[in-house]
Amino acid sequence: MIARERHGARIRVDAMAIAAPGYDVIVRHGALAELGERIAAAAPAAAYAVITPHSIHETVGARALADLRAAGLHAELLAFDDREVNKTRETWAALTDRMLELRFGRDSCVVAVGGGVTGDVAGFVAATYMRGIPFVQVPTTLLAMIDASIGGKTGVDTHAGKNLVGAFHSPAVVVIDPSVLETLPALHIQSGLAEAVKHGAILDAAYFEWIASNARDLLALDASALEHLIARSVELKAGIVSADPREDGRRAILNFGHTIAHALERYAGYTMSHGAAVSVGMCAEAAVGEAVGTTNAGTAQALRSLLSTLGLPTRSGFDPAALLDTMAIDKKSRAARPRFALLRSIGECAVDTNGMWTHAIDSQVLKRVLEETAVAHDRV
């Protein structure tokens, strides 16, 4: 539930089911100005490793470092290249080695300041450094604010696929300042909006319709609309994560659109944005659901309509056979058969005949739908 504060919102994520304390997600314009104070209270430590991308280490990263030091905290900045192709074990090792060189001990804390790749990698560093130290999420992209920073999933990619090596490691606090989005290009905003649409599609039809009604304000970065979007998406995801922290059951619905999306990203050599891949993936997986009679007719079209309004792709060129091979290695696959989170309708997911939240799909049906969804030579 969202707790409204004088300025902004606070959402609680309950992580006690994995022997970890719960944590707060703070959503407030201007929250970066009080970062040192919030981090000192939520994650007291002898030293802080601020891990941030090279692209923002002189701006948002430097601001975060200065605020920690102004609060009397010992902090060091560690910058790296946060492109998806660098979300690797080599990057994890380099950051870990740098922390060892700087003599960070078990009484240290990692502060991830950046997008989803930064949070995933820095969180994995924290989860494994000296068998685990606390970390804090300070997401700076819309996608990271509403999705990647919530839930405690950390990890890296391998040549076999995305996020195949990692750990569950909950942050001590998540501090979200929507004002940092004002400097981002439209593509980054659209990537985040794709995940917001997913939250509405799987959990809340009214929220799905609210996004459609407020699309213009969201794309224009209206402060009130953005804060509502972030807080509601965080609230929806927090409810799922709190009830199923290790993805043993219903949390699997958060993967709607992602089985195909992850295959698309790998197929494109990670040159396709995550939001674009998820947008295409949701449309394709809704079409799969309709093809097998699980998803109500018209659902895929409703998704295509909203995503197009937000400037996101709904089709993309790919080789169905190559995607099928890639999906066999997905974390959700069982016996090399990909499983999909499918919608019943907008706002509601479907369980299979065994009560599971993912569905095994016949490869011929999947291949046919992928062939119908593909548009040759369109590699958005």
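The values are calculated or read from the model by the stated rules, or taken from the named source; none is laboratory data. All values reported here derive from a predicted model rather than from experimental measurement. Don't worry about glycine lacking a Cβ; one is built from the backbone with ideal geometry, like all the others, and counts go over all protein chains shown. The accessibility values were calculated without ligands, DNA or RNA, using every heavy atom of the protein model including side chains. Shrake-Rupley method; radii C 1.70, N 1.55, O 1.52, S 1.80 Å.
Looking only at residues of the stretch 222-251 that are surrounded by fewer than 21 Cβ atoms within 10 Å (Cβ to Cβ) and of a type in the set (A, V, I, L, M, F, W, C), we find that the one that is farthest from A201 (Cα to Cα) is A223. For the stretch 13-55, a residue qualifies if it is among the β-branched types (V, I, T), at pLDDT below 95 and assigned to a helix (DSSP H, G or I), and exactly one does: I18. Of all residues in the stretch 42-61, those being surrounded by 15 or more Cβ atoms within 10 Å (Cβ to Cβ) and charged (D, E, K, R) number 0. Every listed requirement among (1) over 17 Å from A196 (Cα atoms); (2) assigned to a helix (DSSP H, G or I); (3) at pLDDT 85 or above; (4) not aliphatic (A, V, I, L, M) is met by D325 save one, (3). Can you name every residue in the stretch 201-221 that is hydrophobic (A, V, I, L, M, F, W, C), out of contact with any strand residue (DSSP E or B) (no Cβ under 9 Å at 6 or more places or on another chain) and either touching a residue at least 24 places away in the same chain (Cβ under 8 Å) or open to solvent by less than 10 Å² (accessible area, probe 1.4 Å) (or both)? Correct list: A206, F208, I211, A212, A215, L218, L219, L221.
Every listed requirement among (1) touching a residue at least 24 places away in the same chain (Cβ under 8 Å); (2) at negative phi is met by A93 save one, (1). Condition check for T128 on (1) open to solvent by less than 30 Å² (accessible area, probe 1.4 Å); (2) hydroxyl-bearing (S, T, Y); (3) free of Cβ contacts under 8 Å to residues at least 60 places away in the same chain: one failure, at (1). Of the residues making up the stretch 89-102, at least one is assigned to a loop (DSSP other than H, G, I, E, B), touching an Asp or Glu at 6+ places or on another chain (Cβ under 7 Å) and open to solvent by 40 Å² or more (accessible area, probe 1.4 Å). Report whether or not E285 is open to solvent by 10 Å² or more (accessible area, probe 1.4 Å) and assigned to a helix (DSSP H, G or I). Judged against the criteria, E285 is not a match. Candidates in the stretch 62-73 are the residues that are closer than 17 Å to R38 by Cβ and in contact with a strand residue (DSSP E or B) (Cβ under 8 Å, 6 or more places away or on another chain); of these, the one that is surrounded by the most Cβ atoms within 10 Å (Cβ to Cβ) is A64. Filter the stretch 61-72 down to the residues that are of a type in the set (A, V, I, L, M, F, W, C) and touching an Asp or Glu at 6+ places or on another chain (Cβ under 9 Å) and list them by number. L65, A71, listed by residue number. In the stretch 266-275 there is no residue matching the filter, namely being among the aliphatic types (A, V, I, L, M), in a helix (DSSP H, G or I) and either in contact with a helix residue (DSSP H, G or I) (Cβ under 9 Å, 6 or more places away or on another chain) or surrounded by 15 or more Cβ atoms within 10 Å (Cβ to Cβ) (or both). Here the condition is being of a type outside the set (D, E, K, R), in contact (Cβ under 8 Å) with a residue 40 or more places away in the chain and either touching a Cys at 6+ places or on another chain (Cβ under 9 Å) or surrounded by 24 or more Cβ atoms within 10 Å (Cβ to Cβ) (or both); of V173, V138, it holds for V138 alone. Applying the criterion of at least 1 residues that are at positive phi to the strands (runs of 3 or more DSSP E) found wholly in the stretch 118-194 leaves 153-158, 161-168.
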